[in-house]
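Engineer: Please find one structure pasted underneath; my questions will follow.
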Amino acid sequence: MSERIIEVKHLSKQFGRFTAVEDVSFDVYRGDVFGFLGPNGAGKSTTIRAMLSLITPTSGEINLFGKSLQANRSHILAKIGCIVEKPDFYKYLSAEKNLEIFARISGSAVSKSKIHEMIEFVGLKGREKDKVGHFSHGMKQRLGIAQTILHDPDLIILDEPNTGLDPQGSIDIRNLILKLKNEQNKTILLSSHILSEIEIIANRMVIIAKGNSIVQGNVAELLNSQDLIVYFEVDQPEKASHIISEDLSADIIGDIEKNIIQLHIAHQDIPRINSLLTENGLNVYGIESKRKLEDYFLKLVGKDVLEKHV
């Protein structure tokens with residue numbers, strides 16, 4: 001097993017009577033692009049702020065790089081780069097000048113050539129002299145990532161970096177995250193409420209809802225496309241259910257309502273069941289499939305967690 005970079009144990013945070021985080025636990029290992037997935041309001045940003053020592057947890061434990069955050073705050077934070085919500089810049093200054101200022105503020109000894117290297121890395125070469133106020137939202141996000149990696153951190157934390165971006169901007173950020181992993185060997189925690197985004201880019205993930213961590217594991221295993229919940233819309237649902245249970249070992253789940261039956265089946269069984277129903281004189285009006293975990297998410301945290309995003 002790789003080195004554990006983040007270890008969060010039973011984290012909770014209360015603001016007065018409001019519980020923002022109730023019981024969150026997860027582990028991130030060196031080299032992970034780790035998806036921190038949950039709907040808006042699930043407690044993701046509060047957890048991240050606690051990991052950055054911006055707020056103090058009510059209870060629980062946070063260890064980073066094998067050390068207690070509470071006891072080793074300065075040493076740990078020097079090894080982290082982050083964007084929480086959206087990056088802020090001096091809009092009347094150039095991209096280059098902004099990075100020079102942030103390097104000085106952080107106390108990092110960063111040369112002008114290093115700043116130009118980071119600007120080129122995030123795809124802004126040729127725009128380094130332009131005022132940031134003229135940048136698009138996507139360009140500002142990329143400049144924010146350049147700022148984040150100026151001091152060569154081991155861990156990068158990105159809180160909803162695709163918020164407000166158009167499809168091309170989202171693709172640019174996604175490719176940049178992969179470059180950080182593959183070319184700079186960074187460990188990345190990526191917060192998002194978009195399942196498809198995490199599926200594409202992350203190798204491991206945790207899902208949180210209502211302040212609790214629900215499930216954690218390998219993305220490919222959790223989102224096994226062969227393990228499906230399939231909805232068949234038919235004209236005679238009771239008869240369809242009987243035919244399927246008599247002829248196949250499909251797992252019929254949920255209530256039969258509005259002429260829809262729900263089956264837990266493998267992907268390759270869909271055409272077989274469709275043929276079985278039509279051969280027995282039933283009309284099949286529609287077939288919709290969701291991976292088992294997707295269906296679980298929908299019931300658990302609502303449709304916003306499955307928002308489609310290119």
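Engineer: How many residues are small (Gly, Ala, Ser), closer than 22 Å to ALA103 by Cα and surrounded by 15 or more Cβ atoms within 10 Å (Cβ to Cβ) when one looks only at segment 128-172?
Structural biologist: Count: 3.
Engineer: Looking at (1) surrounded by 14 or more Cβ atoms within 10 Å (Cβ to Cβ); (2) over 29 Å from the mean Cα position of the chain (by Cα), find the lone condition where ASN98 falls short.
Structural biologist: If we test ASN98 against (1) surrounded by 14 or more Cβ atoms within 10 Å (Cβ to Cβ); (2) over 29 Å from the mean Cα position of the chain (by Cα), just (2) comes out false.
Engineer: Continuing with this model, one more query. For LEU124, which of the numbered conditions (1) at pLDDT below 90; (2) closer than 24 Å to ASN182 by Cα fails to hold?
Structural biologist: It is condition (1) that LEU124 fails.
Engineer: So, restricting to strands (runs of 3 or more DSSP E) that lie completely within segment 1-56, which ones have at least 1 residues that are touching a helix residue (DSSP H, G or I) at 6+ places or on another chain (Cβ under 9 Å) and surrounded by fewer than 16 Cβ atoms within 10 Å (Cβ to Cβ)?
Structural biologist: 4-15
Engineer: Let me ask you something else. Identify, please: which residue in segment 143-160 is touching a strand residue (DSSP E or B) at 6+ places or on another chain (Cβ under 6 Å) and outside any helix (DSSP H, G or I) and is, among those, farthest from SER111 (Cα to Cα)?
Structural biologist: Across segment 143-160, the extreme among qualifying residues is GLU160.
Engineer: Okay, next question. Go through the residues of segment 118-126 one by one and say whether even a single one is loosely packed, with under 14 Cβ neighbours inside 10 Å and among the acidic types (Asp, Glu).
Structural biologist: yes
Engineer: Which strands (runs of 3 or more DSSP E) does segment 167-244 wholly contain that include 1 or more residues that are not assigned by TED's automatic domain parsing to the domain that holds PHE34?
Structural biologist: 227-234
Engineer: Next question. Of these, VAL33, VAL21, VAL28, which one is under 21 Å from GLN216 (Cα atoms), touching a residue at least 60 places away in the same chain (Cβ under 8 Å) and in contact with a Ser or Thr (Cβ under 6 Å, 6 or more places away or on another chain)?
Structural biologist: VAL21
Engineer: Okay, next question. Can you name the condition, by its number, that SER2 falls short on among (1) on the phi < 0 side of the Ramachandran plot; (2) at pLDDT 95 or above?
Structural biologist: Of everything listed in (1) on the phi < 0 side of the Ramachandran plot; (2) at pLDDT 95 or above, SER2 misses just condition (2).
The values are calculated or read from the model by the stated rules, or taken from the named source; none is laboratory data. The structure displayed is predicted, hence computed values, not measured ones. Cβ atoms come from the backbone with ideal geometry, glycine included; neighbour counts cover every protein chain shown.
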